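Nothing in this text is a laboratory measurement; each read-out follows from the coordinates by a stated rule. Here the structure is a predicted model, which is why all the values come from computation and not from measurement. As a convention, Cβ positions derive from the backbone with ideal geometry for all residues, glycine included, and neighbour counts pool all protein chains shown.
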2 protein chains.
Amino acid sequence: MSRTIEVTELALRDGHQSLLATRMAMEDMAPACADVDAAGFWSVECWGGATYDSCIRYLNEDPWERLRTFRKLLPNSRLQMLLRGQNLLGYRHYEDGVVERFVEKSAENGMDVFRVFDALNDVRNVRTSLEAVRRTGKHAQGTICYTTSPLHTIERFVDMAEQLKELGCDSICIKDMAALLRPQPAYDLVSGIKERCGDDTQVHVHVHATTGVTMVSLMKAIEAGADVVDTSISSLSLGPGHNPTEALVEMLQGTGYTTRLDKGRLLKIKEHFASVRPRYAEFESKFLGVETEIFDSQIPGGMISNMESQLRQQGAVDRLKEVLAEVPRVRETAGFPPLVTPSSQIVGTQAVFNVLMGRYKAMTGEFADLMLGYYGETIGPRDPAVIELAVQHAKKEAITGRPADLLKPEWDELRRQAGALPGCNDSDEDVLTHAMFPQVAAKFFATRDKGPKNLGSSPTAAVAQPVGGGKPNGGKHPVDRRIDYKVTIGGKQHQVTVEPA
Amino acid sequence: MSRTIEVTELALRDGHQSLLATRMAMEDMAPACADVDAAGFWSVECWGGATYDSCIRYLNEDPWERLRTFRKLLPNSRLQMLLRGQNLLGYRHYEDGVVERFVEKSAENGMDVFRVFDALNDVRNVRTSLEAVRRTGKHAQGTICYTTSPLHTIERFVDMAEQLKELGCDSICIKDMAALLRPQPAYDLVSGIKERCGDDTQVHVHVHATTGVTMVSLMKAIEAGADVVDTSISSLSLGPGHNPTEALVEMLQGTGYTTRLDKGRLLKIKEHFASVRPRYAEFESKFLGVETEIFDSQIPGGMISNMESQLRQQGAVDRLKEVLAEVPRVRETAGFPPLVTPSSQIVGTQAVFNVLMGRYKAMTGEFADLMLGYYGETIGPRDPAVIELAVQHAKKEAITGRPADLLKPEWDELRRQAGALPGCNDSDEDVLTHAMFPQVAAKFFATRDKGPKNLGSSPTAAVAQPVGGGKPNGGKHPVDRRIDYKVTIGGKQHQVTVEPA
């Protein structure tokens, strides 16, 4: 008697986000959908912050239309999305009414499974969205962002799983965005969750492949009882992406575990994306090999290239080593947040500032907010001296409550703003697009009627004339690494936009 | 108490052979040697058939000089080589006296560990070389070529391990040249060997990474008691190569196993080869991703590109699918040989012939020899009707004895031939070079005094003027895939050289 391991296919979202800077057009995914739909996956991840952003910033695609198209093309599949809790798909905290509206509209347009995480693992920041998902009757998945630090023990992660379970989550996901989850902790963490939360607690494991060890971690997680694991079809796998789906199937042969995936379908999906991928070569991740230094530095590869680009803009690229050494210090100062959007950008940029201008002489508004609790609670205490500096910089006090509790209802105002934009169709979906990406949304609404642009068909031409005037990023970074900062230097505030050169 | 897992580093031989068509010059390996020597490896693989061939065919390097240089640069390391049993580093069977001479000279020039295999897993073909190694006092490693077929059971492989142990081998290697070794059989095979041959039997595991599952297989092999595993530094890993050394170290952290490798040294080795590798881009393997189809087709990727190139020469590249379907049939007809040099070339070429000219209408001399037992015994019975055809083609009878028993002493004649070649220095080493690669050796001797050519420094120029007039292979295939055939069609013999276009 073998136990069936279920699989979430990532190719349609995180696969091309991690490998091809999220640039794949719907047109290039549609032909694979019939095979994806019939292959036997537990769910198909196909939507998230970066794909939404890329749709309106580069591809002139309506992300809601993309979702409805997936719904049509994958009638037998659970569609899955990644949601940044109270941040939704944007970079700020939204008021609960907006969060609820977003979840409702996503469910209405076809979403089935909501994987909800918070960059700081602050459960208060995922509660509203998880409760909203439960009200729609869809699958609410609570997420633990896996990271390592002196404070991140199996025990603490299991505590968090228990809190998520108490919120009524249908499943728990261990999300290892930086490929830091080694085999033994994978085993211990899954075992720990099953023991504490009950054997019938459905545990999902999401790992990236960057460090070359996580296929083994999946095996160990499965041995410990994991129910569903995430993989990406081989032609969109490895490097900063994920472990290959077909290899998972083969790995389990002869063991006490099996998948119900159809190898013939997988081969067709693989061949499809193998044929499409070269057209996005320009956007391909520069480094597709294995990188284990991250175990010691704690700095994901994408974050390094981002900081490198910031330094280059300042003509200080020779100081990268100092910045890399500064990151763990900044992280400790900030209470050891996991490094994932947006905390990775906030910590990385502050490390750059510290090296270029002296430690905490300049501070981004976001870093001050992080220090003052406006992103939520961190696992460790934050440095009181730097909190004091943050108070001076930001001219506001530290908070300990749930950040969104400070926000006033904003839906009506967002609707009014969106309605004033040329090309906005006044739908709730358009209001949400405006809410999450205000600058980009305006340009997108104005050009939407020209229809989708496929950057893969003719990459050179497409880059020369980016949709909506957006700046192409040279294929080096996922689009969600662009971020606007308010920087306060000596009490004077500056608006700084950080994006790859 | 954790158990120490020892590691063999492959970068200096199989790593660049699998990824860069064996083209790396000694000059580009030397700077890494101090770190390799101090990193804590059990052994450093640095010599074998393809590197020897590439030295004299492309790099104008004396392979014996390369060995002596490694000996000097790696004073604290065990040097390891791969030896094709009775074939030595060539493609034919050599008489025992030549085999013994080769082993003696290799030991004398600095070799410590001899990994000895036979393409058919016929133990009679490795006996002479293993006994010769034992007489030198060096490490004699008996090798099982891992493959899959209805006849290849764990039981049969363990039987072979027992036979190797009885020959007095110092260790047993499981050699998975095509990345077919899944985790469960890895566990079962290592357990089986330990159980049958004794827990103190030193078991080595060599796997390639092609199918994406073998890092897990290494973990399972270790759990089953494997003592030494093979990996390659990350900047020369993955794809048709091997699992990354650094990832092995990280994978084991927190488990009951550990390596004694120095991560600081590994980082330096990685950085060195990361900087060197781009200079060999022209020779880089075309496909660096994961390929799982081989589990079903049994056809290694390199073999496919080889057959593709043969078909292209015949203007019949559209018939590749038929050839791929023919390979398993030919393999069954021949008694299920593992597909490894030279059996992979022999089976592949016959499959091409069968498709182009009708089944066994034409037969290579090598395939006839395989059918008639001149390469040794296969695990399964060979098709009697095709044996009969082979008798007619080759005009000789089938044999059941050890092939080398038919050979007469040949050393004196080889010495006479070599001595007649301009530039030959009359050393035993030169005689051996002539013995193994007669055509290429003559050209090499004539140009040797011009010194090494580094194809990496200036790849374009180097290809335009190949050393010794050798035909550059465009970087698509390891050099050891070139092979000369005697082809008999309707009783008339033709000389056919198959090499990548």
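Please list the non-local residues whose amide H lies under 5 Å from the amide H of residue A:143, H modeled 1.01 Å from N, same-chain partners needing a gap of 5 or more.
Residues meeting the amide H criterion: A:116, A:173.
Under the Karplus relation 6.51 cos²θ - 1.76 cosθ + 1.60, θ = phi - 60°, what is the ordered set of whole-Hz ³J(HN,Hα) values for the stretch A:380-393, x standing for Gly and Pro?
Couplings: x, x, 9, 4, x, 5, 6, 4, 4, 4, 5, 4, 5, 4 Hz.
If I model a spin label as a point 7 Å beyond the Cα along the Cα-Cβ vector, how far apart are those points for residue B:1 and residue A:427 in nm?
Label at residue B:1, label at residue A:427, 6.8 nm between them.
What value in Å³ per residue do you get for the convex hull of the alpha-carbon atoms in the protein assembly as shown?
170
For the stretch B:3-283, state the semi-axes of the equivalent ellipsoid (square roots of 5 times the eigenvalues of the alpha-carbon gyration tensor), sorted largest first and rounded to whole angstrom.
Equivalent-ellipsoid dimensions as semi-axes: 26, 24, 17 Å.
Could you work out, residue by residue across B:286-294, how many beta carbons of other chains sit within 10 Å of that residue's beta carbon, and then give the average as an integer?
6
Quick one: Debye curve from the alpha-carbon atoms of the stretch B:298-405 only, equal weights, vacuum; give me log10 I(q)/I(0) at q = 0.12, 0.13, 0.19 Å⁻¹ to two decimals.
Summing over Cα pairs of the stretch B:298-405 leads to -0.37, -0.44, -0.91.
Under a Cβ-Cβ cut-off of 12 Å, what is the net charge of the residues other than residue B:129 that fall near it, where Lys and Arg count +1 and Asp and Glu count -1?
Every neighbour counted, the sum reads +3.
For the stretch A:187-293, what is one quarter of the convex hull surface built on the Cα atoms, given in nm²?
Projected area, direction-averaged: 7.9 nm².
Put the label 7 Å from Cα along Cα→Cβ for residue B:281; what are its distances to the other copies, in nanometres, shortest first?
1.0
Checking the cross-link filter: which aspartates and glutamates have an alpha carbon closer than 13 Å to that of residue B:396, excluding same-chain neighbours under 8 positions apart?
B:366, B:369, B:388
Ordered by residue, what ³J(HN,Hα) values in Hz, to whole numbers, does the stretch B:302-308 give under the Karplus form 6.51 cos²θ - 1.76 cosθ + 1.60, where θ = phi - 60° and Gly and Pro are x?
Whole-Hz 3J(HN,Hα) from phi for the stretch B:302-308: x, 5, 4, 5, 5, 5, 4.
Checking a compactness column here: for the stretch B:1-62, what do you get for Rg(Cα) / (2.2 N^0.38 Å), N being the number of residues?
Here the Cα radius of gyration is 1.27 times the empirical estimate.
Take the alpha-carbon positions of the stretch B:149-239, form their convex hull, and give its projected area averaged over all directions (one quarter of the hull surface) in nm².
Mean projected area of the Cα convex hull: 5.8 nm².
Treating each Cα of chain B as an identical point scatterer and ignoring solvent, apply the Debye formula and state log10 I(q)/I(0) at q = 0.06, 0.07, 0.08 Å⁻¹.
Computed log10 I(q)/I(0) values: -0.25, -0.34, -0.45.
So which of A:138/A:220; A:165/A:408; A:72/A:443; B:165/B:263; A:72/A:138; B:321/B:361 end up more than 26 Å apart by C-alpha?
Beyond 26 Å between Cα atoms: A:138/A:220; A:165/A:408; A:72/A:443; B:165/B:263.
Label position 7 Å from Cα toward Cβ: report the copy-to-copy distances for residue B:426 in nm, one decimal, ordered from shortest.
Listed shortest first, these distances are 10.3 nm.
Can you give the relative contact order of the stretch A:3-283 as a percent, counting alpha carbon pairs under 8 Å and 6+ residues apart?
21
What's the extension gain from residue A:68 to residue A:287 if we count 0.36 nm per residue and subtract their Cα-Cα distance?
Result for the pair: 75.5 nm of gain on full extension.
Amide H to amide H under 5 Å from residue B:176: which residues, 5+ apart in sequence or cross-chain, H placed 1.01 Å off N in plane?
Amide H neighbours of residue B:176: B:146, B:206, B:207, B:208.
Compute from the Cα atoms of the stretch A:36-169 the Rg and the Dmax, the latter being the longest Cα-Cα distance, and quote both in angstrom.
Reported Rg and Dmax, both Å: 15.4, 47.
Amide H of residue B:211 versus every other amide H placed in the peptide plane: which residues, excluding those fewer than 5 positions away on the same chain, fall under 5 Å?
Long-range HN contacts for residue B:211: B:291.
What nm distance separates the two modelled labels at residue A:223 and residue A:196, each placed 7 Å from Cα along Cα→Cβ?
Going from the residue A:223 label point to the residue A:196 one covers 2.3 nm.
List the trypsin sites (Lys or Arg not before Pro) in the stretch A:384-444 that DSSP assigns to loop (not H, G, I, E or B) and whose Cβ has at most 16 other Cβ atoms within 10 Å. Which are they?
Answer in residue order: A:395, A:396.
Kirkwood-based Rg over Rh for the stretch A:282-327 (C-alpha set), two decimals?
On the Cα set of the stretch A:282-327, Rg over Rh gives 0.99.
May I ask you to derive the FRET efficiency for residue B:400 and residue B:329 from their Cβ-Cβ distance with R0 = 22 Å, giving the value to the nearest 0.05?
For R0 = 22 Å, the calculated efficiency reads 0.35.
With both partners inside the protein assembly as shown, how many of the DSSP beta bridges are antiparallel, as a percent to the nearest 5?
25
How about the stretch B:337-408: which GluC sites (Glu not before Pro) there are in a DSSP loop, with at most 14 other Cβ atoms within 10 Å of their Cβ?
Filter output for the stretch B:337-408: B:397.
Quick one: label points 7 angstrom along Cα→Cβ at residue B:361, distances to the other copies in nm, smallest first?
Here the equivalent label points are 8.3 nm apart from this one.
Would you kindly derive the ³J(HN,Hα) couplings of the stretch A:434-444 from the backbone phi angles with the Karplus curve 6.51 cos²θ - 1.76 cosθ + 1.60 (θ = phi - 60°), listing them in order in whole Hz, with x for Gly and Pro?
Listing the rounded values in order: 4, 4, 8, 9, x, 5, 5, 4, 4, 5, 5 Hz.
Tell me, what is the FRET efficiency for residue B:446 and residue A:76 to the nearest 0.05, using R0 = 51 angstrom and their Cβ-Cβ distance as r?
Once the sixth-power term is evaluated, E becomes 0.15.
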